[in-house]
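Visitor: What follows is a structure written as structure tokens; I'll ask about it next.
Each value in this text was obtained by applying a stated rule to the coordinates, not by laboratory testing. Here the structure is a predicted model, which means the values were calculated and not measured. Neighbour counts run over all protein chains shown; Cβ positions are idealised from the backbone, glycine included.
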Amino acid sequence: MSERPASSRPLAEVVGCLSDFDPASVPVAQASAIIERFVTPIDDIEQVAIRDALGRVLARDVLSPIDVPAHDNSAMDGYAVHGASLLADTPTRLAVVGRSFAGRPFAGITRPGEAVRVMTGAVMPAGLDTVVIQEIVTVEGDSIVVPPGQQAGQHRRRRGEDLVVGGTAIAAGRVLTPADLGLVASLGIAAIPVQRRLRVAFFSTGDELRSVGEALAEGEIYDSNRYALHGMLTRLGVEPIDLGVVRDDPIALEEAMTRAATMADAIISSGGVSVGEADFTRSVMDKLGEVAFWSIAMRPGRPLAFGRIGDAIYFGLPGNPVAVMITFYFFARAALCRLMGALPTPLFPVRALVDAPLRKRPGRTEYQRGVLGRGEDGVVRVRVTGPQGSGMLRSMSQANCIVVLHHEQGPIAAGDPVDCVPFDGLV
């Protein structure tokens, strides 16, 4: 019997196969492995016009219905000739007997010693196999003189050299780019199958939170997390469902969780996952769902829950704004991409020399906001954006990368290499 999808099995079963598992403090690598093992893609496909497919996840391979190119054609402006007619050591004189332009092929027959004027993309005339670029040819009336040193077969694109009929043009799981849409259009395909958009419900928790536009009373703050989450989810190409602010009340939280699970594939909450007296997420999750872990050995973002409510995966992110963004990018993002059926999109680090010492103790992964750049000496360097408190959202706005200090690393000296994940294409 085949193994059930991880997402249909109890989370305890999924994590039970991992050695040294401690749900109170999970290393970053182990947490990522649990999430990857548990999350499986949705299977709900729709057909969309290619103009509407940008950023969508391709659900089935796109197979080419034609050869690309559809015929041998010229890669340059010049003259199509018989390669065997070209002399190796002396110039070759050829008679020009016609023209072949893109969309207007030469229909005649050529003989040795003859050439046809061709433009880029033009069909190669029958029997001609070589293109001599126009810049090196001497034109003398109805003839051309070709210098020695040409190679037979040069500057010719062969039929099907890019794609053959039935070949895979784009593999399933790709998040479609403008170039992909152009490729699909070049095959004459008007519509393609894509995964439906993932639905992600999100909300913030806390009596102290107010939405933008509301007046603040003493001790209250504006809720920035929902706006950051909305932006990150929108960039990811999912359908965000904003459920607002949920007060610190177990009944209200249970209602929000239940409602979210009925309308979304994934649920993200911010705040309420630590062990404070007003944090009710644990008791509500004990009633509604299951959780694999509550805490990760990382900074910022130690209180991080991952689990399931009904058929929806659940991420309980910390309440501090920077921690919300860090945990989203390094954990929730990969899970959502996997859930939407996208091919793995790992965050590739750049190695850079840090300009000042960084405090770090082994036993946890740390993420610091940094500014990455290349010095006048050509060396890639990074500096952190100052104090790294998890509530300092301005430091995230100023940064262009995250400096990743790994679990086993200790203090970092000035000039040491560190891994940096650039924001470019991510935020």
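Visitor: First select every other residue whose beta carbon is under 12 angstrom from the beta carbon of residue 160; then total the charges, Lys and Arg +1, Asp and Glu -1.
Guide: In short, -1.
Visitor: Could you give each residue of the range 293-301 its phi-based ³J(HN,Hα) in whole Hz, using Karplus coefficients 6.51, -1.76, 1.60 with θ = phi - 60°, and x for Gly or Pro?
Guide: Running phi through 6.51 cos²θ - 1.76 cosθ + 1.60 with θ = phi - 60° gives 7, 10, 8, 10, 6, 8, 8, x, x Hz.
Visitor: Here is a further query. Helix 225-236 versus the longest principal axis of the chain: what angle, 0 to 90°, nearest 10, using Cα atoms?
Guide: 20
Visitor: Can you list residues whose amide H is under 5 Å from residue 115's amide H, if they're 5+ apart or on another chain and H is modeled 1.01 Å from N?
Guide: 95, 96, 97
Visitor: How much space per residue, in cubic angstrom, does the convex hull of the C-alpha atoms of the chain take up?
Guide: With only Cα atoms used, the chain gives 233 Å³ per residue.
Visitor: Could you please report the charge total around residue 95, scoring K, R as +1 and D, E as -1 over all other residues with beta-carbon less than 11 angstrom from its beta-carbon?
Guide: -1
Visitor: What angle, in degrees between 0 and 90 and rounded to the nearest 10, separates the Cα long axis of helix 250-263 from the longest principal axis of the Cα atoms of the chain?
Guide: So the inclination is approximately 20 degrees.
Visitor: A further question follows. Scan around residue 154 for amide H atoms under 5 Å from its own, H built in the peptide plane at 1.01 Å from N, and keep only partners 5 or more places away or cross-chain.
Guide: Sorted by chain and number, the residues that satisfy this are 131.
Visitor: Got a sec? How would 114, 408 order by Cβ neighbour count within 10 Å, fewest to most? Working shown, then result.
Guide: On the way: 114 21, 408 10.
Ranked by crowding around the Cβ, least crowded first: 408, 114.
Visitor: Tell me the GluC sites (Glu not before Pro) within the range 250-345 that lie in a loop according to DSSP and have at most 10 other beta-carbon atoms within 10 Å.
Guide: Answer by residue number: 277.
Visitor: How much of the DSSP bridge set in the chain is antiparallel, in percent, rounded to the nearest 5?
Guide: Once the DSSP bridges in the chain are tallied, antiparallel ones form about 70 percent.
Visitor: Please report the net charge: other residues with Cβ closer than 15 Å to the Cβ of residue 353, K and R +1, D and E -1.
Guide: Spelling it out: positives minus negatives among the neighbours equals -1.
Visitor: Also, I was wondering about something else. Quick one: putting +1 on the C-beta of Lys and Arg, -1 on the C-beta of Asp and Glu, what dipole do you get for the range 350-422 around its Cα centre, in Debye to the nearest 20?
Guide: Details: 10 positive and 7 negative charges, 52 e Å.
That gives the range 350-422 a dipole magnitude of about 260 debye.
Visitor: Using θ = phi - 60° and the Karplus curve 6.51 cos²θ - 1.76 cosθ + 1.60, what whole-Hz ³J(HN,Hα) does each residue of the range 28-42 get, with Gly and Pro shown as x?
Guide: Ordered by residue, 3J(HN,Hα) equals 4, 4, 5, 4, 4, 5, 4, 4, 5, 5, 8, 7, 10, x, 5 Hz.
Visitor: Take every Cα pair under 8 Å in the range 78-177 that's 6+ residues apart, average their separations, divide by the length, and report that relative contact order as a whole percent.
Guide: Averaging sequence separation for qualifying contacts and normalising by length gives 33 percent for the range 78-177.
Visitor: Quick check: Cα centre of the range 213-291 to Cα centre of the range 129-176, how many Å?
Guide: What the calculation gives is 58 Å, centre to centre.
Visitor: In whole percent, what relative contact order does the chain give with Cα contacts below 8 Å and a gap of six or more residues?
Guide: It comes to 16 percent, rounded to a whole number.
Visitor: Another question, if that's okay. Hey, in the GNM for the chain with a 10 angstrom Cα cutoff, which one of 127, 341, 160 fluctuates hardest?
Guide: 127
Visitor: Based on other C-beta atoms within 10 Å, arrange 82, 71 from fewest to most.
Guide: 71, 82
Visitor: Which of 74, 145, 96 sits farthest toward the positive end of the charge dipole of the range 73-157, with +1 on the Cβ of Lys and Arg and -1 on the Cβ of Asp and Glu?
Guide: So the residue furthest toward the plus end is 74.
Visitor: If you don't mind, there's one more thing I want to ask. With a 10 Å cut-off between alpha carbons and a GNM built on the chain, which of 146, 245, 324 moves the most?
Guide: Sorting by GNM fluctuation, first place goes to 146.
Visitor: While we're on this one: With springs connecting C-alpha atoms under 10 Å apart, model the chain as a Gaussian network and identify which of 259, 104, 156 has the largest mean-square fluctuation.
Guide: Most flexible of the set in this elastic network: 104.
Visitor: Please list the non-local residues whose amide H lies under 5 Å from the amide H of residue 343, H modeled 1.01 Å from N, same-chain partners needing a gap of 5 or more.
Guide: Placed amide hydrogens put 174, 175 under 5 Å from residue 343.
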